[in-house]
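Only the coordinates and a few stated rules stand behind these numbers; no lab work does. Quick caveat: nothing in here was measured; it's all calculated off a predicted structure. Cβ sites come from the backbone with ideal geometry, for glycine too, and all protein chains shown count toward neighbours.
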Amino acid sequence: MSKLYGVPLSPMVRKVLLTLELKQIDHELVPVTPFRKPEGFEKISPLKKIPAWEDDKVTLADSTVICEYLEDRYPEHALYPQAPEEKAKARWFEEYADTVMLPVLGTVFFERVARKLVNQPADEVKVQEILQTKLPTTCAYLESEAPEMDFLFGADLQLADIALATHFINLSHAGVQIESAEYPRLAAYIDRLFQHPAVAHRIAEDKKVLGGK
Ligand SMILES: N[C@@H](CCC(=O)N[C@@H](CS)C(=O)NCC(=O)O)C(=O)O
């Protein structure tokens with residue numbers, strides 16, 4: 001059986017999980033956290049990061065590489081737009097999510113939620129600095145790009161939407177909501193993302209793990 005290494009609360013692992021769920025690909029989740037990586041994990045993930053993927057043909061690291069592979073190998077239920085210019089734009093949103101949103105929204109989650117799970121104190125000074133300086137820049141950009149209705153490339157949730165959604169899920173777990181008074185288009189888009197059945201299912205599963213924490 002194909003194996004996904006990681007934990008669902010990691011935004012990058014969740015991105016792959018949503019891809020697997022939408023494409024209905026059978027897999028086993030092998031729990032690996034950023035705090036505890038098994039001996040020899042670098043043979044599966046050279047940078048020792050999650051997610052990593054292993055199947056009958058390849059061993060891969062990096063959420064984008066894994067998702068592109070899954071799209072190529074399992075083209076049913078396409079998660080990228082067809083037109084080259086739209087596909088390039090989708091890749092841009094994914095790149096933006098992975099390289100800009102992970103260190104901003106991901107750090108807020110890491111400090112407030114992930115550390116708590118392993119009984120470490122949050123660096124609230126770092127969190128406040130991000131919330132006051134970096135998060136508004138990200139939200140202002142996404143407000144200008146958020147679709148007025150549906151998702152980024154039409155009626156269906158695609159990988160670009162998933163890549164953005166996964167970080168807003170973790171931000172919400174960290175107790176931060178995007179205010180519709182300030183960012184109306186973005187807030188409405190996030191609502192639609194969170195209401196999508198696959199995303200709603202992921203959020204519900206996360207809440208079981210987080211419980212009252
Ligand atoms: N570009 C990578 C980033 C992966 C990443 O940074 N994963 C984090 C968890 S969300 C991790 O494994 N951190 C542990 C570490 O850096 O040692 C991807 O998209 O998969």
As an exercise, use a Förster radius of 22 Å and the Cβ-Cβ distance of Arg73 and Thr33 to find the FRET efficiency, rounded to the nearest 0.05.
0.20
Most packed first (mean Cβ within 10 Å per residue), the peptides 145-154, 37-46 order as 145-154, 37-46
Cβ-based net charge around Asp150, under 13 Å, with every Lys or Arg adding one and every Asp or Glu removing one:
-2
Along the charge dipole of the chain, Cβ charges K/R +1 and D/E -1, which of Met149, Leu193, Pro103 sits furthest on the positive end?
Pro103
Local charge sum around Lys3 (other residues, Cβ-Cβ under 10 Å, Lys/Arg +1, Asp/Glu -1)?
-3
Please list the non-local residues whose amide H lies under 5 Å from the amide H of Ala52, H modeled 1.01 Å from N, same-chain partners needing a gap of 5 or more.
Tyr5
Within a 10 angstrom radius of the beta carbon, how do Leu47, Leu131, Leu157 rank from fewest other beta carbons to most?
Leu47, Leu131, Leu157
If you take the Cα Rg of the chain and divide it by 2.2 N^0.38 Å, with N the number of residues, what do you get?
0.99
Of Ser180, Ser144, Ser10, how do they rank once you tally other Cβ atoms within 10 Å and put the fewest first?
Ser144, Ser180, Ser10
Note, Val13: beta-carbon cut-off 11 Å, +1 each Lys/Arg, -1 each Asp/Glu, net +4
At 4 °C and 1.567 mPa s, the Stokes-Einstein diffusion coefficient in µm²/s for the stretch 3-73, with hydrodynamic radius from the Kirkwood sum on alpha carbon pairs, is 109
In order over the stretch 32-48: 3J(HN,Hα) from phi, Karplus 6.51/-1.76/1.60, θ = phi - 60°, whole Hz, x for each Gly or Pro, gives 9, 10, x, 8, 9, 10, x, 3, x, 4, 5, 6, 9, 10, x, 8, 6
If you restrict to DSSP beta bridges whose two residues both lie in the chain, what percentage is antiparallel, to the nearest 5?
70
Over the chain, what relative contact order in percent results from Cα pairs under 8 Å that are six or more residues apart?
21
Starting from 0.36 nm per residue, how many nanometres of slack lie between Met1 and Ala88 once their C-alpha separation is accounted for?
28.1 nm
